[in-house]
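Q: Just dropping this structure here.
What follows is calculated from the coordinates using simple rules that are stated; it is not laboratory data. The shown structure was predicted, so the numbers you read here are calculated from the model rather than taken from an experiment. Neighbour counts are summed over all protein chains in view; Cβ atoms, including those assigned to glycine, are modelled from backbone coordinates with ideal geometry.
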Amino acid sequence: MSSNGVVLADQVPAALRRAWVTQGHCPDRDTFSLFSEHAAAHPARPAVIDTEGTLDYAALDAVARRIALALLAAGLGPTDIVAIQVPNGRRAVAAELAVAAIGALALPYPCGRGRSDSLALLGRSRASAVIAADRAGELRPAAELAALRDHLPHLREILVFGAAPPGCRRLPEEDTLPGWQPAAVDAEAPARVLVSSGSEAEPKMVAYSHNAMCGGRGNYIGALHGGAEPMRALLLAPLASSYGSCGSVTLARHGGTLLVLDVFDPAAALEMIERHGPTHVYGVPTMLSRIAALAGPGGVAHPPRAVVASGAALHAETAASCRDRFGCPVINVYGSADGVNCHTGADESAVAEGVVGHPDPAVAEIAVTGPDGEPLPEGREGEIRARGPMTPLCYVNAPELDARYRTSGGWVRTGDRGVLLSDGALRVVDRIKRVVIRGGYNISPLEVERHISTHPDVADVSCVAVPDAELGERLCACVAQPPAAAPLTLPDLTDYLERQRGLERRKLPEKLLVLPELPLGPTGKVCRHTLADLASGAATASATPHAQPIRQGGRP
């Protein structure tokens, strides 16, 4: 596919792609045709339940086709990239299906991304159009995007749900061509761009084919199902995030029901669980922890079949709390936008050790390699690499990223460190780049977080680096405490970590920032950039009304 000069070349050998189809791992069908088949088979089944009510498959199919016709009328087609900035709900789902119906490539990205991210994503992708909508009147993304057009020469159209600002086109409310049927789309053609959270730098854009989405990612969702009736999935993450991309796959591949909130709110999420009885609840650990705390000792009245945690490290204490309050297993998922997935219903000890389950060849094969790229024997720590039916095509208009993170054999270099255990399970150690370097000594924030999360007066934790003139960086523990907990001090914490957890003294945090709750970014993950700014600024001033003064202490 080539869009405005952007060539999307598959980094996986074609023979491998065909082998995965032959082995039955990929349906070899495009996303919209799979969805339409479900709509024809069970038109009255609920497709999307959102804050506006319930939309069945027949109605969602009609909305998606109406949007598709509007895209065609705007001159868009298979060679175009269409961005989507729409809050969680039926319109976001329909927009992505509509883009698939015309054979274009969908680029959803979460509401709340700033001007710089919009310029980077739309500019680098050379997107031809954006579909935009307000979130409960709080944001005006269409007007904000229109103001950027002078900097985006390839952006031809801004299509809007609702009132359209000057320079934008309103999407029609009525069908204009009843009975329209889309043309067939190659299952190996690009279908969806997954956008990384941007935790390390500018967000990366990763292009996936229809087969990778409905095949590999569809197999991952299917493995979580565990029941005969259709899945009813409450998805708390933004549909436009990498984690949230399983929403459209739940509909197209499995004919399930998607439950979503336009913004995350623990009370609203708990109400949706009690009212609509989802079989699965998907969320970032911090989200799930807040719902569990709100549910109280009595837990939820209608337990789901499973709670699925992904997007950040799942600590043992969080898993135990969710298991108790939700009354069901907690499935820990290791995955990323770059094309890796592994999941398990691990017990508390396995979660504490970072075990994330056994790789599934129908999703992604996992290898742990040394600096030379050669596989390491079991028990040896190295870089995690992945390749399988869910492997993406390539990075979007970023050959330097393909050169850095992809190999000639189609493997994805994840940038994570891990170990394959004797039973074949994968244990994730940490991100290679997420290291605090204190005076030349590397400290793993994830390792320290796992220990801190066991403290009875800690509800949530994230560790970040704080610049230091003498040592380069020092480790700051950012924590939120449960209600009625005794105020936590740095000496209390370090004494606990050293005496009760056995953490080496050189790994102890030297700063402590206590917040009412940890800030979340647009994708629903804890925003480490914000925490790093707070931790750095709190040492000299009260940088934010929500921040406590940073508490420091020396280390021998």
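Q: Given the Cα-Cα distance of Asn442 and Asp468 and 0.36 nm per residue of separation, how much length would full extension add, in nm?
A: Gain in length upon complete extension: 7.9 nm.
Q: Pull up all non-local amide H partners of Asp468: gap of 5 or more, or a different chain, and H-to-H distance under 5 Å with H placed in the peptide plane.
A: Amide H to amide H, under 5 Å and 5 or more residues apart or across chains, Asp468 pairs with Glu473, Arg474.
Q: Can you say what percent of the DSSP beta bridges in segment 2-420, counting only those with both residues inside, are antiparallel? Round to 5.
A: Rounded to the nearest five, the antiparallel share is 50 percent.
Q: Show me 483-491, 99-107, 117-125 ranked by packing, highest mean number of other Cβ atoms within 10 Å first. Don't skip to the end; give the middle numbers.
A: Details: 483-491: 12.3, 99-107: 26.7, 117-125: 19.3.
The most tightly packed comes first, giving 99-107, 117-125, 483-491.
Q: R0 = 60 Å: FRET efficiency of Asn4 with Ala486, Cβ-based, nearest 0.05? Could you put the intermediate results ahead of the total?
A: Details: r = 58 Å, r/R0 = 0.97.
Efficiency at R0 = 60 Å is approximately 0.55.
Q: To continue, here is another question. Can you list residues from other chains, or at least 5 along the same chain, whose modelled amide H is less than 5 Å from the amide H of Leu259?
A: Ile49, Ala233, Leu234, Leu235
Q: I would also like to ask the following. Using only Cα atoms, tell me the angle between helix 528-537 and the longest principal axis of the chain; keep it within 0 to 90° and round to the nearest 10.
A: Around 40 degrees separate the two axes.
Q: Moving on to the next point. Total Lys pairs in the chain closer than 18 Å by alpha-carbon, pairs eight or more apart in sequence or interchain only?
A: The result is 4.
Q: While we're looking at this one, here's another question. What does the highest-first list of 500-510, 270-280 look like by mean Cβ count within 10 Å?
A: In descending order of packing, they fall as 270-280, 500-510.
Q: How high is the relative contact order of the chain? Use alpha-carbon pairs under 8 Å, at least six apart in sequence, and give a whole percent.
A: This gives 12 percent for the chain.
Q: Moving to a separate point now. Can you compute the charge dipole magnitude of segment 273-374 about its Cα centre, using +1 on each Lys and Arg Cβ and -1 on each Asp and Glu Cβ, nothing else charged? Give it in debye, rounded to the nearest 20.
A: Rounded to the nearest 20 debye, it is 700 debye.
Q: Mind listing the Cα extents of the chain along all three principal axes, in Å, largest one first?
A: 73, 50, 50
Q: For Leu376 and Ala184 in one chain, what is 0.36 nm times their gap in residues minus the Cα-Cα distance, to one decimal in nm?
A: Gain on stretching Leu376 to Ala184: 64.8 nm.
Q: At Glu52 and Ala15, where each label point lies 7 Å from the Cα along Cα→Cβ, what is the point-to-point distance in nanometres?
A: 5.0 nm
Q: Grab the DSSP H runs of the chain that are 4 residues or longer, score each as -39,500 (n - 2.57), total them, divide by all residues and round the 222 nm result to the nearest 500 deg cm²/dmol.
A: Calculated mean residue ellipticity at 222 nm is -7500 deg cm²/dmol.
Q: Quick one: if the Förster radius is 56 Å, what FRET efficiency do Arg156 and Ala301 give, using the C-beta to C-beta distance and rounding to 0.05?
A: Details: r = 50 Å, r/R0 = 0.90.
Once rounded, the FRET efficiency stands at 0.65.
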